[in-house]
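*Asks:* One structure follows; several queries about it will come next.
The values are calculated or read from the model by the stated rules, or taken from the named source; none is laboratory data. Please read all numbers here as calculations on a predicted model, not as lab measurements. Cβ placement follows ideal geometry from the backbone for every residue including glycine, while neighbour counts extend to all protein chains displayed. Ligands, DNA and RNA are excluded from the accessible area calculation, which covers all protein heavy atoms including side chains. Shrake-Rupley method; radii C 1.70, N 1.55, O 1.52, S 1.80 Å.
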Amino acid sequence: MFPYLKFVFSLLTGSPSHKTQTTHLDEPQDAAALNSLSLFTDLPQNYHPETNWLCGGTPNHPFFDDSNLIQDIVRRIKEHLLNETLEGCRNILNDHYRQDEIQNKKLRRSLDENPQLWKALISVQKYGVVYLANRADARNQFLPLTNQNPAETKAISSFLEHDAVTIRAINYAVHHFVTRGGLKVENPTKLVPPNAISSIGNAHIAVRKQDFLRTDEELLAEKVPLWDLHDFAHLTTATLSPELFGNKYFDYLIKLEPKLTALVRSPGMRTGKGPKVSDGLIFSELLTGVFTQEVDAVLKHHKQHSYKSLTTTLANTLADYLLGRIALLHQSTNTMMKLDTPISPTQLAVLAQNKAYELTASEIEQRVFTRGGPDDRDPLHSLTAIQRIEYLAASRSWTYFEVRNTIKHRAHKEAYRLVTMDYIEKGVDVELCRMILESITYEDWRRGERRNLWSLCVNF
């Protein structure tokens with residue numbers, strides 16, 4: 001059995017219920033730090049990437065304080081994925097890489113004898129906007145490995161960077177992870193985006209069947225990323241708690257009428273012709289502009305922000321938009337967008353349930369991989385492989401695209417909380433709004449009564 005699945009099945013059969021495990025394994029970070037740490041500020045020298053969080057405090061989600069469990073889940077998932085990636089590299093060497101037979105033999109020998117060095121160098125190649133390496137990987141494993149093997153590091157890096165080898169190998173690896181890894185795989189006909197992996201729970205995913213019919217030859221020939229590695233952050237959180245963080249599309253969302261599922265599917269978000277409160281439109285088109293304006297002011301020393309104050313500013317702005325008070329810039333069309341009527345409590349419930357899935361995966365990313373971007377706001381973008389390892393090994397602060405992704409998600413959820421509180425105070429659909437609020441704050445789960453808001457929407 002694959003190592004990842006051995007671990008997963010131990011969670012299912014050999015461990016007590018997560019809810020009964022209340023141990024807190026991390027050294028607690030100063031609670032005030034979460035409110036006061038300024039943007040892009042280095043954490044103290046005693047920062048440990050396995051246990052500390054780059055915003056200065058532990059994200060406020062159940063089980064996020066259990067660093068040992070998170071670390072073990074991530075290690076098992078990535079070990080499986082990287083082993084498959086090595087197999088992809090081996091196939092490319094055997095069948096596709098014949099320019100220099102002598103060098104080819106050296107690389108094949110290196111792959112057999114030093115697979116950990118290959119995993120290190122694969123992990124700092126960019127796939128889409130993601131590097132599989134995280135800061136703990138770089139500090140604890142990758143930097144010592146590359147320092148001990150400088151000539152071999154250079155040769156492997158040259159191979160991986162040639163002819164999109166890393167992309168082709170990871171395309172192969174993700175396909176095999178899904179199709180040959182022993183996972184429980186569902187193939188729903190709706191609500192799975194193209195080439196997406198929806199994580200339902202422990203070793204339990206959903207994908208479109210047609211996306212995984214490619215042959216090995218087709219996968220190894222494809223030189224652009226086929227998959228989004230962010231889905232492995234979703235798999236991490238869904239393994240951590242299927243109840244709280246697993247995908248619920250196929251049990252609940254699918255039962256809602258199309259105008260409500262459209263809030264999650266986000267059709268027409270780029271053109272601005274879809275729902276004006278859809279998840280994708282708000283996150284990608286509206287919040288990005290507000291974030292950029294605020295952070296540019298910080299970078300130009302016109303304003304100061306902590307991670308908390310930036311979240312609050314974005315959340316307050318978005319809440320005003322959702323209540324129909326202000327217009328916001330739609331980035332792709334460069335037009336101002338304003339709601340004719342405030343968001344309804346039912347729409348709020350649909351969106352808040354979706355954010356429970358999206359936010360936690362964004363929060364966990366720093367323990368799984370490193371999020372980059374398309375330009376030099378990503379500090380790894382223009383670096384060599386060894387320079388990327390050195391950077392991550394020394395890094396004690398969030399980078400621009402890491403901050404943008406997570407803070408937008410945090411603000412998005414906080415805006416829903418603010419609007420819900422406003423409706424409760426005004427007596428608007430109080431029963432449903434209280435359920436939304438309890439879901440956002442996990443209060444229903446703490447009482448042992450976790451509700452799925454999508455199932456409530458069927459009744460309301």
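*Asks:* Any chance the range 236-252 includes a residue that's more than 24 Å from A352 (Cβ to Cβ) and either without any contact (Cβ under 8 Å) to a residue 60 or more places away in the chain or not hydroxyl-bearing (S, T, Y) (or both)?
*Replies:* no
*Asks:* Is it the case that S157 is on the phi < 0 side of the Ramachandran plot, hydroxyl-bearing (S, T, Y), out of contact with any Asp or Glu (no Cβ under 9 Å at 6 or more places or on another chain) and open to solvent by less than 30 Å² (accessible area, probe 1.4 Å)? First the steps, then the outcome.
*Replies:* Numbers: on the phi < 0 side of the Ramachandran plot: yes; hydroxyl-bearing (S, T, Y): yes; out of contact with any Asp or Glu (no Cβ under 9 Å at 6 or more places or on another chain): yes; open to solvent by less than 30 Å² (accessible area, probe 1.4 Å): yes.
Yes.
*Asks:* I'd like the residue in the range 253-268 that is touching an Asp or Glu at 6+ places or on another chain (Cβ under 8 Å) and touching a residue at least 40 places away in the same chain (Cβ under 8 Å) and, out of all such residues, is nearest to H175 (Cα to Cα). Write out each step before concluding.
*Replies:* Just the residues of the range 253-268 that are touching an Asp or Glu at 6+ places or on another chain (Cβ under 8 Å), to begin with: 263-264, 266.
Going one step further and asking which of them are touching a residue at least 40 places away in the same chain (Cβ under 8 Å), we end up with 263-264.
Working: L263: 29, V264: 26 Å.
Taking the candidates together, the pick is V264.
*Asks:* Every residue in the range 117-144 that is of a type outside the set (A, V, I, L, M, F, W, C), in a helix (DSSP H, G or I) and either surrounded by 23 or more Cβ atoms within 10 Å (Cβ to Cβ) or in contact with a helix residue (DSSP H, G or I) (Cβ under 6 Å, 6 or more places away or on another chain) (or both), please. Write out each step before concluding.
*Replies:* Start the filter on the range 117-144 by keeping residues that are of a type outside the set (A, V, I, L, M, F, W, C), which leaves 119, 123, 125-128, 131, 134-135, 137, 139-141, 144.
Still in the list and also in a helix (DSSP H, G or I): 119, 123, 135, 137, 139-141, 144.
K119, S123, R135, D137, R139 - these are the residues of the range 117-144 that are of a type outside the set (A, V, I, L, M, F, W, C), in a helix (DSSP H, G or I) and either surrounded by 23 or more Cβ atoms within 10 Å (Cβ to Cβ) or in contact with a helix residue (DSSP H, G or I) (Cβ under 6 Å, 6 or more places away or on another chain) (or both).
*Asks:* Also, I was wondering about something else. With respect to K273, determine if the residue is at pLDDT below 95 and of a type outside the set (V, I, T).
*Replies:* Working: at pLDDT below 95: no; of a type outside the set (V, I, T): yes.
For K273, the condition - at pLDDT below 95 and of a type outside the set (V, I, T) - is not met.
*Asks:* Looking only at the range 421-460, how many residues end up being crowded, with 18+ Cβ neighbours inside 10 Å, within 25 Å of S241 (Cα to Cα) and of a type in the set (S, T, Y)?
*Replies:* Qualifying residue count for the region: 1.
*Asks:* Taking the residues in the range 234-282 that are assigned to a loop (DSSP other than H, G, I, E, B) and of a type in the set (D, E, K, R) as candidates, determine which candidate is farthest from N60 (Cα to Cα). Write out each step before concluding.
*Replies:* Here is the first cut: in the range 234-282, the ones assigned to a loop (DSSP other than H, G, I, E, B) are 241, 246-252, 256-257, 266-278.
Right, trim to of a type in the set (D, E, K, R) and you get 248, 251, 257, 270, 273, 276.
On the way: K248: 21, D251: 26, E257: 32, R270: 31, K273: 35, K276: 28 Å.
Ranking the candidates gives K273 first.
*Asks:* Need pairs with beta-carbon distance below 8 Å; first residue under 11 Å from G289 (Cβ atoms) and within the range 328-346, second polar (S, T, N, Q) and open to solvent by 40 Å² or more (accessible area, probe 1.4 Å); sequence gap 6+ or separate chains.
*Replies:* L329/T335; S332/T271
*Asks:* Kindly establish whether I167 is under 20 Å from the mean Cα position of the chain (by Cα) and either among the basic types (K, R) or more than 22 Å from P379 (Cα to Cα) (or both).
*Replies:* Details: under 20 Å from the mean Cα position of the chain (by Cα): yes; either among the basic types (K, R) or more than 22 Å from P379 (Cα to Cα) (or both): no.
Judged against the criteria, I167 is not a match.
*Asks:* Something else: Select from the range 43-65 the residues that are open to solvent by less than 30 Å² (accessible area, probe 1.4 Å) and under 18 Å from the mean Cα position of the chain (by Cα) and list them in ascending order. Please lay out each step first, then the result.
*Replies:* Of the residues in the range 43-65, the ones open to solvent by less than 30 Å² (accessible area, probe 1.4 Å) are 43, 47, 49, 52-57, 59, 61-64.
Listed by number, the residues that qualify are P49, N52, W53, L54, C55, P59, H61, P62, F63, F64.
*Asks:* Here's another thing I want to ask about it. Residue under question is I407, and the condition is that it be out of contact with any Lys or Arg (no Cβ under 7 Å at 6 or more places or on another chain), within 30 Å of L121 (Cβ to Cβ), part of a helix (DSSP H, G or I) and open to solvent by less than 20 Å² (accessible area, probe 1.4 Å); does it hold? Please lay out each step first, then the result.
*Replies:* Values: out of contact with any Lys or Arg (no Cβ under 7 Å at 6 or more places or on another chain): yes; within 30 Å of L121 (Cβ to Cβ): no; part of a helix (DSSP H, G or I): yes; open to solvent by less than 20 Å² (accessible area, probe 1.4 Å): yes.
Taking the combined requirement at face value, the residue does not satisfy it.
*Asks:* Surrounded by fewer than 16 Cβ atoms within 10 Å (Cβ to Cβ) and either over 28 Å from R367 (Cα atoms) or not hydroxyl-bearing (S, T, Y) (or both), is that true of A221? Step through it out loud before you land on a result.
*Replies:* Working: surrounded by fewer than 16 Cβ atoms within 10 Å (Cβ to Cβ): yes; either over 28 Å from R367 (Cα atoms) or not hydroxyl-bearing (S, T, Y) (or both): yes.
Yes, satisfied.
*Asks:* Among the residues of the range 292-334, write down those that are of a type in the set (D, E, K, R), open to solvent by 50 Å² or more (accessible area, probe 1.4 Å) and under 25 Å from the mean Cα position of the chain (by Cα).
*Replies:* D296, K308
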